[in-house]
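Shown next, in structure tokens, is the structure this report addresses.
The values are calculated or read from the model by the stated rules, or taken from the named source; none is laboratory data. Computed from a prediction, not measured in an experiment: that's the story for all the values here. So basically every Cβ, Gly included, is an ideal-geometry build from the backbone, and we count neighbours across all protein chains shown. When the accessible area is computed, the model is the full protein with side chains, heavy atoms only, and any ligands, DNA or RNA have been set aside. Shrake-Rupley method; radii C 1.70, N 1.55, O 1.52, S 1.80 Å.
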Amino acid sequence: MSRALSYRLARLASTVGISAVLVGCGTDAGGGGAASGDIAALMKARNLTEADVAAALKTYTPTGKHDEYYTFASGGHSGNLIVIGVPSMRIHKYVAVFTPEPWQGFSYGDQSTQVLDAGARDGRRITWADMHHPALSETAGDYDGKFIFVNDKANPRIAVVDLHDFVTKQIVGSELIETDHGAAFVTPNTEYVIESSQYPAPLGGRYAPIETYDDEYRGAVILWKFDRERGRIDVAKSFAIELPPYMQDLADAGKKATDGYLFINSFNTERATGGTAEGRPPMEAGASQNDMDYMHIIDWRKAETLANAGRTETIADMRVIRLDTAIDEGLLHFVPEPKSPHGVDITPDGKEIVVGGKLDTHATVYSWEKMKALIDAKDFAGKDAYGVPILDFEKSIRGQCEIGLGPLHTQFDDKGFAYTSVFIESTVAKWSLKDLKVVNKVDVHYNIGHLVAAEGDTVSPDGKYLIAMNKWAIDRFAKVGPLLPQNFQLVDLSGEEMRLLYDMPLPLGEPHYAQMIKADKLEPIDVYSPIGIDPYTMKVDPNSVAAGKERIERKADGVHVYMTAVRSHFTPDIVRVQQGDQVHLHVTNVEQAHDATHGICIGSYNINVSLEPGKHTNVSFKADTSGVYPFYCTEFCSALHLEMAGYFLVEPKGD
Ligand code: RUQ
Ligand code: CUA
């Protein structure tokens, strides 16, 4: 290695905080040891720059070392939640949420099937999702690492995932609304999980002609009450607020100074309905006429008081505060926002609200102090067509930051900077909250939607890392046909300049949003303990089976098979039933060793469940076809895994 290169590598190593010796750049003027020669040769052979090597050193995570952050990214249409380690960008898990997932056995026979089926709409089982925005549970506006909530935009549903075992415990949905988008967001102590509608429709799934749009179509925001003790949404204590038929968009819950308020963007305040085949302008043209749309400001504590006082009407089993009541009681206000707003993000101190406008070049910074004073003084600039008071735009803002073309979403760091995704330019802009000036930009590839910084939407962001969630990858990866992966790009926020560190192809689209949490805030369990836990109650299941107590019992409601799984056998391993019998399979994995997972599948019957150590599961089905069905363990659990099998014998009727 040349002296100059040796020196540069040493300097590089020190800038990324590791000792020069580690990269083999000793001071040995005689040419260094084998390692130094290797690095120089590797750089040359792979045509790497020093910046490449620095990026590699910042992200490489040696075997056995763990990542500093978890990122929970939406899995888009797959309906899965993706767990990614940062800075390595290694995928750790797909949490099955809104769709059947075979490996986790999610919705292939056991209790998980009921969780998914609870999200049925109009009695129809839904097996895909348009997951957009994960929301980690918060305490005092900071992630607490206990739960994460996600939404499905297409079939408005909210799911609760427990981060003790990374399992989806509940799916709720309301037929009050037809789509959502401002979801999921949580209030600072996770009192409520917020879900607001996107495309207006008659509330409660009614039919009304599109010509009656202004009168019959409505938006709504649902406040799902979260019961932290039970780890479930309490549907009976949840309520909604009716909103005008604008297209409500992204939302955020106020915190600290803005605690108690919700902020929801909207577009199409023109109330365009499309109708191109009927001589009307297309939706996109009709919806972009006005210079301003309205940010909705909602006093949710006041709304909660009203709901609890019974000032609601029940629609589709949901208590709804009607629009008139919301206006009369002063819990809903509007403030104009520039053309086609998209992201709305509250600053860490809770004092300001940053809005990005897709067709505007600015990030607009609203001052809560100013808006609150206007609301308190009832100093309004006007009313909308439904009577909602509108604040004056100029009187409500602190200023605007000239960002570039197509600002969308904003996150924050610990040093007073904001980071905004700029869609049309394909950049991330770093700007100062103090003087509203762009500091610098980094190119991303390409068409960035959301971005996520480490704890970047909490009261105490960490800085350090940011992921640009790019919708197009174009030339970044080897070709895989016309449908390309999404591109997650890791950006280093530790210095003055942002630096791109890593490109991660993500072949599950379209992810939209993610949140990044310090790994040490989570306390995932290793095994279900004591043995026999039902993950959906977190209690020992009454049908759980202890080793030595396995049996088959014929009862009035069918054949009950009490089975255990342990390396490397099922007990019992021969199960005989009659065609037409209702079969209740109760299986307990009696292992307590970390990662000693088994699975049990029965072909032809579409049954496959996962049995993590200590887990108990119940599967009920009708043995309606006779035959010989081998069942076997679907996890390569041991040297005798292939032998971990048995026979499910269904004797034909009448024999
Ligand atoms: S929204 S970028 Cu749900 Cu911004 Cu996708
Ligand atoms: Cu148990 Cu393979």
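Values computed for the structure shown
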| read-out | value |
| --- | --- |
| Under the span-like rule (Cα at least 15 Å along the axis, Kyte-Doolittle mean at least 0.0), DSSP H helices of the chain | 34-45 |
| Percent carbon-and-sulfur accessible area, the chain, ignoring ligands, DNA and RNA, probe 1.4 Å | 53 |
| Normalised contact order of the range 278-391, rounded percent, pairs of Cα under 8 Å and 6 or more residues apart | 22 |
| Calculated over the range 533-651: convex hull of Cα atoms, volume per residue (Å³) | 97 |
| Other-chain or far-sequence residues with amide H under 5 Å of His92's (modelled H) | Val83, Ile84, Gly85 |
| The range 533-651 - share of DSSP beta bridges that are antiparallel (%, nearest 5) | 70 |
| Accessible area (Å², per residue) of the range 528-622, counting only protein heavy atoms and a probe of 1.4 Å | 42 |
| Calculated log₁₀ intensity ratio I(q)/I(0) where the Debye formula runs over C-alpha points of the chain, q = 0.09 Å⁻¹ | -0.83 |
| Mean accessible surface per residue for the range 83-240, computed with a 1.4 Å probe while every protein chain stays in place, in Å² | 32 |
| Surface accessible to a 1.4 Å probe, Ile194 within the full protein complex, Å² | 0 |
| Charge dipole of the chain about the Cα centre (unit charges at C-beta), most positive-ward option of Gln486, Ile264, Ala45 | Ala45 |
| Solvent accessible area, Å² - His409, 1.4 Å probe, full protein context | 10 |
| Exposure rule at most 14 other beta-carbon atoms within 10 Å, DSSP loop GluC sites (Glu not before Pro): the chain longest free segment | 230-495 |
| Quotient of Cα Rg and 2.2 N^0.38 Å for the range 296-342, N being how many residues it contains | 1.34 |
| Note, ³J(HN,Hα) from phi for the range 380-396, Karplus 6.51, -1.76, 1.60, rounded to Hz, x at Gly and Pro | 10, 8, x, 9, 7, 4, 9, x, 7, x, 10, 7, 6, 4, 4, 6, 9 |
| Extension gain (nm, one decimal) between Met538 and Tyr207, 0.36 nm per residue minus Cα-Cα | 115.0 nm |
| Percentage relative contact order, the chain, counting C-alpha pairs under 8 Å, at least six apart | 9 |
| Sequence-distant residues sharing a close amide H with Phe488 (under 5 Å, placed H) | Asn470, Met504, Leu506 |
| Average Cα contact separation per residue, the range 119-206, under 8 Å, 6 or more apart, as relative contact order % | 26 |
| Around Val583: net Lys/Arg minus Asp/Glu count, Cβ-Cβ under 15 Å | 0 |
| Within-13-Å neighbourhood charge of His445 [Cβ basis; K, R +1; D, E -1] | -2 |
| Nonlocal amide H pairs with Ala240, under 5 Å, H built at 1.01 Å | Leu223, Arg319, Val320, Ile321 |
| Inter-probe distance in nm under a simple model that places probes 7 Å from Cα toward Cβ, at Ser604 and Leu359 | 6.1 |
| Virtual spin-label span in nm between Asp215 and Thr276, 7 Å along Cα→Cβ | 3.0 |
| Sites Thr305 and Asp573 - FRET efficiency at Förster radius 56 Å, r taken between beta-carbons, to 0.05 | 0.40 |
| Calculated [θ] (222 nm, deg cm²/dmol) that DSSP helices of n ≥ 4 give over the chain, each run adding -39,500 (n - 2.57) | -3000 deg cm²/dmol |
| Within the chain, longest stretch clear of exposed chymotrypsin sites (Phe, Trp or Tyr not before Pro) (DSSP loop, no more than 13 other Cβ within 10 Å) | 208-635 |
| Lys/Arg +1, Asp/Glu -1 at C-beta; the range 533-651 dipole; positive extreme among Phe648, Phe570, His560 | His560 |
| Distribution of pairwise C-alpha distances over the range 443-511, 5 Å bins, in % | 4, 19, 25, 22, 16, 9, 4, 2, 0 |
| Selection from Tyr246, Ala236, Gly286, by position along the positive dipole direction of the range 213-331 (Cβ) | Ala236 |
| Cleavage-rule hits, trypsin sites (Lys or Arg not before Pro), the range 262-356, DSSP coil, Cβ neighbours within 10 Å at most 11 | none |
| Stokes-Einstein diffusion coefficient of the range 354-404, Kirkwood radius over Cα pairs, 4 °C, 1.567 mPa s, in µm²/s | 109 |
| HN-Hα J in Hz across the range 224-241 - Karplus 6.51, -1.76, 1.60, θ = phi - 60°, x for Gly and Pro | 7, 6, 9, 9, 5, 4, 7, x, 9, 6, 9, 4, 5, 8, 8, 8, 9, 10 |
| Charge context of Asn618, other residues only, Cβ under 9 angstrom, K/R +1, D/E -1 | -3 |
